[in-house]
Structures are given as structure tokens and as C-alpha cells.
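The block underneath contains the structure these notes are about, expressed in C-alpha cells.
The values are calculated or read from the model by the stated rules, or taken from the named source; none is laboratory data. Please read these numbers as outputs of a predicted model, since none were measured by experiment. Cβ placement follows ideal geometry from the backbone for every residue including glycine, while neighbour counts extend to all protein chains displayed. The protein model used for the area step is the full one, side chains on, heavy atoms only, and it has no ligands, DNA or RNA in it. Shrake-Rupley method; radii C 1.70, N 1.55, O 1.52, S 1.80 Å.
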Amino acid sequence: MNLSPPDAAGAVRVWDRFVRCFHWSLVACVLLNLWVLEEGETAHRWAGHLATGLVIARIAWGFVGSTHARFASFWPTPRRLAEHLRDLRAGRPPVHAGHNPLGALMMLALMALVLALGVTGWLQGTDAFWGDETVAEWHEVLADMLMVLAGVHAAAALVMGRIERVRLVRAMVTGVKVRW
């Protein structure tokens, strides 16, 4: 398990400023590109470039960042996933200071989708793939997948927060997990 000692009030400092800024900036880029900005327009492309750059920076931070930001502290190995699922089924929700194994798997899937969207979006602007319907269709499918997974991610944060009795959304704003 990925535990940190709580302070006197039961709070655990988990998410550093970079992780929180990354998270909410990526949320903004994704929401803008899915719901506000016009596909193919300059602002849409720049938001996509920014989202891709954010994910690349987060990957780097996963190797050099703070304890709970490092991939080594939460990588979703088969063993960690099996233990986590076994504990959940047994009604013993495990406590993880950082990402739980399912949350880590979701985070990695979301980042992979954003990178794939960045690549397919970029390819559409190259001479080799300009007007290629296959690349455009893949870009749309990936965007739809991102929307679905982002919704599952948000719902899971609320559900797991309730199960674990931790204010997960607040922790992504303040950086501190507080049990209630």
C-alpha cells in the first residue's frame, strides 16, 4: 500500500502543485476542445498542442517529481490490481495516499488517449495525411473514448471518495487528502 503518515487532523499531503496544475489545465484543454472550440480551427489545435505538452511534462514528472507523483509509487501492476480488487470485494476499501491501482490505470489510459489525440490531430495537418478520412475518423473515435473515460474517471472519484471516506476532488484542488 501507498501510505503516508497523516498529520494531527488526519490529513495527508499528496498532490503537489505541478500535479494539480497539470490536472486542471488538462481538464480545461479537453473541455474546451470537446465542447467549445471549433474542430480544425487554430484555437482547437493550440489547445491540443497544450494538452499533449502537459501529458509529456506529466510523464517526465512521473520520474522526477514528488513521492506521490512518481510512477514507481503507484504503477498498477497485476499484483497491486488483484489485491485492490480483492480488498474492495471483501468490503475492506484499501487506503492509498496517492492513486489506487484502478485510479492509476485510469490515469494512464487517459494520458494515452490524449497523446493519441495529439498525434492524430497533428497528422491531419501534415501533407501526407491532409484530408485523410481514416485519420480524421480515428481522431473522432479517440475523442469519444476520452469523453467516456473522463466521465467514468469523474464518477469513480466521487464513488471511491465515498467508499474510502476521503474527499478526493477537494484533494485535487488543495493537494491534501482528508478522511471524514
Does A72 satisfy the criteria of being hydrophobic (A, V, I, L, M, F, W, C), more than 19 Å from V27 (Cα to Cα), at pLDDT 95 or above and exposed (fewer than 14 other Cβ atoms within 10 Å of the Cβ)? yes
So, first residue without any contact (Cβ under 8 Å) to a residue 24 or more places away in the chain and on the phi > 0 side of the Ramachandran plot in region 158-169, second residue assigned to a helix (DSSP H, G or I) and exposed (fewer than 12 other Cβ atoms within 10 Å of the Cβ), Cβ within less than 6 Å, six or more apart or across chains; the pairs are none
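Tell me, which residue of region 1-32 that is open to solvent by 60 Å² or more (accessible area, probe 1.4 Å) and charged (D, E, K, R) is modelled with the highest pLDDT?
Going through region 1-32, the residues open to solvent by 60 Å² or more (accessible area, probe 1.4 Å) turn out to be 1, 3, 5-9, 13, 17-18, 21, 24, 31-32.
Subset that is charged (D, E, K, R): 7, 13, 17.
Values: D7: 51, R13: 93, R17: 97.
Restricting to residues being open to solvent by 60 Å² or more (accessible area, probe 1.4 Å) and charged (D, E, K, R), the top hit is R17.
With respect to T134, is the statement that it is crowded, with 19+ Cβ neighbours inside 10 Å, β-branched (V, I, T) and not in a loop (DSSP other than H, G, I, E, B) true?
For T134, the condition - crowded, with 19+ Cβ neighbours inside 10 Å, β-branched (V, I, T) and not in a loop (DSSP other than H, G, I, E, B) - is not met.
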Pairing a residue in region 133-147 that is over 14 Å from G40 (Cβ atoms) with any residue that is modelled with pLDDT under 95 and part of a helix (DSSP H, G or I), where Cβ atoms lie under 8 Å and the two sit 6 or more apart in sequence or on different chains, gives L146/L34; M147/L34
Filtering region 33-67 down to residues that are open to solvent by 80 Å² or more (accessible area, probe 1.4 Å) and either in a helix (DSSP H, G or I) or not acidic (D, E) (or both) yields W35, V36, R45, W46, H49, L50, I56, F63, V64, T67
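Hey, among A82, A104, A116, which residue is surrounded by fewer than 16 Cβ atoms within 10 Å (Cβ to Cβ) and in a helix (DSSP H, G or I)?
Checking each option against the conditions leaves just A82.
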Taking region 160-177 and keeping residues open to solvent by 50 Å² or more (accessible area, probe 1.4 Å), at pLDDT below 95 and over 16 Å from the mean Cα position of the chain (by Cα) leaves R162, I163, R165, R167
Per the list (1) farther than 16 Å from P93 by Cβ; (2) open to solvent by 90 Å² or more (accessible area, probe 1.4 Å), residue check on L149 breaks on (2)
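When you look at V95, is it closer than 18 Å to V12 by Cβ, open to solvent by 70 Å² or more (accessible area, probe 1.4 Å) and among the aliphatic types (A, V, I, L, M), yes or no? Walk me through how you get there before you give the answer.
Details: closer than 18 Å to V12 by Cβ: yes; open to solvent by 70 Å² or more (accessible area, probe 1.4 Å): no; among the aliphatic types (A, V, I, L, M): yes.
Answer is no for this residue.
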- Message: Would you confirm, using the coordinates I've provided, whether G103 is touching a helix residue (DSSP H, G or I) at 6+ places or on another chain (Cβ under 9 Å), closer than 21 Å to R167 by Cα and without any contact (Cβ under 8 Å) to a residue 60 or more places away in the chain?
- Response: yes
